[in-house]
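Presented below is the structure to which this report refers.
Throughout, read-outs are computed from the coordinates displayed, never taken from laboratory work. Remember, predicted model here, so these are calculated numbers, not experimental data. Cβ placement follows ideal geometry from the backbone for every residue including glycine, while neighbour counts extend to all protein chains displayed.
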Amino acid sequence: GATITGALAATPSFFAYLASDQAASDASWTKITVNTELYDTGGCYDHSSNYRFTPTTAGKYNVVYGITFNPFAADDVSEALLGIYKNGSLFIQPSNAYGTHPVTSNTITGSQILDFNGSSDYIELYGYFNFVNSGNTGAKFNSYKRSCYLGASLIVGA
């Protein structure tokens, strides 16, 4: 019969997504500008300049992430990688390799439990492409239906 009130009101959590398509460069990491928040309890996600999550509560967080990309031509991309950068360094790197097989669209998603210190630890979302030939027309990160996203929720405090 007990009632819990406000238990999750201050829990740092957010979900942000890419609002419009973003160009990708060949053979270099590109920070994805996940600039639209669906929610942000605690205001710990910067959706306007750094596009990073810096929670103010120490603990373990469930982090979710995904990118969808579209090559401008079917055979432009030989490899695509998603990168979660923690404190400015590559921390998680799921990838897809295609070789010379045509690819019209693909998605990389995942989740991971990460520790944050509650003051200076932060994460950011990046993508990486290798184009088949240097003369290819390239690829883009797709914004359709929130298909490039980053989110996190506190699951247990420090």
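Here is how the numbers come out for the structure above:
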| item | result |
| --- | --- |
| Amide H contacts of PHE91 (H built 1.01 Å from N, under 5 Å, at least 5 apart or other chain) | ILE84, TYR85, LYS86 |
| Computed label-point distance, nm, for sites LEU90 and ALA19 using a 7 Å Cα→Cβ extension | 3.0 nm |
| Under-5 Å amide H pairs with GLU79, H placed in peptide plane, nonlocal only | TYR98, ASN130 |
| Peptides ranked, highest mean first, by Cβ atoms within 10 Å: ranges 51-63, 110-122 | 51-63, 110-122 |
| SER153-TRP29 FRET efficiency (beta carbon distance; Förster radius 41 Å; 0.05 resolution) | 0.95 |
| ALA139 long-range amide H proximity, modeled H, under 5 Å | ALA24, PHE72 |
| In Hz, Karplus ³J(HN,Hα) per residue of segment 112-129 (6.51, -1.76, 1.60; θ = phi - 60°; x = Gly, Pro) | 7, 8, 10, 8, 10, 7, x, 9, 10, 5, 8, 10, 9, 9, 10, x, 9, 10 |
| Inter-probe distance in nm under a simple model that places probes 7 Å from Cα toward Cβ, at LEU38 and ARG146 | 0.2 nm |
